[in-house]
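All remarks here apply to the structure that follows.
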Amino acid sequence: MGKTFRLRVVALLLAVALAVSCAPDQAAVQSPTPSPTPPLPTPASVRAAVVLEPAHLALRSGETGEVNIFIKNVAALYGAEVHLSFDPALLSPLDGYPDTPGLQLVHGTLIDRARGFVAQNQADAAAGAADYAVVLVPPAAPVSGEGVLATLRFRAIEEGTTPVRIRDSKLAQLAGGSVIPIPHSTAPATVVVSR
């Protein structure tokens, strides 16, 4: 699936979730009154970031390690999508959920799994890629602050140095029925494998 298609799927899920949460209760007051939408933080007041931690990791061939997708300084987060890349000759992803088919990342603590829908969770050992997307489901409140979105676990297989890069990332808010991108910076990690 292309990046644009995945973004549309996440946006559609957000829109459906919002529509369901905003559907009027038939037994409620007969004349609807609009509720004010609180102002969203401006990009200048919120410096959100998607970083990989630890920034530097040293392993011996055969050892296992992990890199966390860490989101910092985010306000009113409702959905996130992150795509990683690494050298598959040096690192082999490990399955975060062995009872589920495929290779997956481990769900983090930033978005409570019981309040969200994981739209994408896969690692590709041959391509050296990992993809993760999650969206909150109403009536869940948006998340602010910082925390681990997901964790990529892997085994070091060959001596060398590889960056673990964020190929693409999207953070989103919901406001007045619209999906609003959250501006953010990104930071990669580096894994050094020795014998």
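Take Val118 and decide whether it is touching a residue at least 40 places away in the same chain (Cβ under 8 Å), in a strand (DSSP E or B) and not acidic (Asp, Glu). Quick ask: steps written out before the conclusion?
Details: touching a residue at least 40 places away in the same chain (Cβ under 8 Å): no; in a strand (DSSP E or B): yes; not acidic (Asp, Glu): yes.
When the stated conditions are applied, Val118 does not pass them.
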Yes or no: Val148 within 30 Å of Leu59 (Cα to Cα), among the aliphatic types (A, V, I, L, M), modelled with pLDDT of 95 or more and crowded, with 17+ Cβ neighbours inside 10 Å? no
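Would you mind stating whether Ala141 is small (Gly, Ala, Ser), under 20 Å from Ile180 (Cα atoms) and surrounded by 15 or more Cβ atoms within 10 Å (Cβ to Cβ)? Explain how you work it out, then say what you get.
On the way: small (Gly, Ala, Ser): yes; under 20 Å from Ile180 (Cα atoms): yes; surrounded by 15 or more Cβ atoms within 10 Å (Cβ to Cβ): no.
In short, no.
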Looking at the range 156-195, which of its residues are of a type in the set (Lys, Arg), crowded, with 16+ Cβ neighbours inside 10 Å and over 15 Å from Pro54 (Cα atoms)? Lys170
Just to be sure I understand, how many residues within the range 107-124 are closer than 16 Å to Arg153 by Cβ and surrounded by fewer than 18 Cβ atoms within 10 Å (Cβ to Cβ)? 3
In the range 101-114, which residues are among the basic types (Lys, Arg) and in a loop (DSSP other than H, G, I, E, B)? none
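Does at least one position in the range 100-120 carry a residue that is of a type in the set (D, E, K, R) and touching a Leu at 6+ places or on another chain (Cβ under 7 Å)? Working first, answer last.
From the range 100-120, those of a type in the set (D, E, K, R) are 112-113, 115; that's our starting set.
Checking the rest, the ones that are also touching a Leu at 6+ places or on another chain (Cβ under 7 Å) come to 115.
Yes, some residue in the range 100-120 is of a type in the set (D, E, K, R) and touching a Leu at 6+ places or on another chain (Cβ under 7 Å).
Would you confirm whether or not the range 45-61 contains a residue that is farther than 30 Å from Arg155 by Cβ, among the small types (Gly, Ala, Ser) and either touching a helix residue (DSSP H, G or I) at 6+ places or on another chain (Cβ under 7 Å) or modelled with pLDDT of 95 or more (or both)?
Start the filter on the range 45-61 by keeping residues that are farther than 30 Å from Arg155 by Cβ, which leaves 45-48.
Checking which are among the small types (Gly, Ala, Ser) leaves us with 45, 48.
Checking which are either touching a helix residue (DSSP H, G or I) at 6+ places or on another chain (Cβ under 7 Å) or modelled with pLDDT of 95 or more (or both) leaves us with 48.
Looking through the range 45-61, at least one residue is farther than 30 Å from Arg155 by Cβ, among the small types (Gly, Ala, Ser) and either touching a helix residue (DSSP H, G or I) at 6+ places or on another chain (Cβ under 7 Å) or modelled with pLDDT of 95 or more (or both).
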Condition met for Ala130 (part of a strand (DSSP E or B), touching a residue at least 24 places away in the same chain (Cβ under 8 Å) and of a type outside the set (Phe, Trp, Tyr)): yes
Condition (residue is over 17 Å from the mean Cα position of the chain (by Cα) and not charged (D, E, K, R)) applied to the range 63-77: is it met by at least one residue? yes
Which of the residues belonging to the range 137-180 are in contact with a strand residue (DSSP E or B) (Cβ under 6 Å, 6 or more places away or on another chain), under 14 Å from Val74 (Cα atoms) and part of a strand (DSSP E or B)? Val143, Ser144, Glu146, Val148, Leu149, Ser169, Lys170, Leu171, Ala172, Gln173, Ile180
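The values are calculated or read from the model by the stated rules, or taken from the named source; none is laboratory data. As the structure is a prediction and not an experimental result, all values here were calculated from the model. For neighbour counting, all protein chains shown are included, and Cβ atoms are generated from backbone atoms with ideal geometry for every residue, glycine included.
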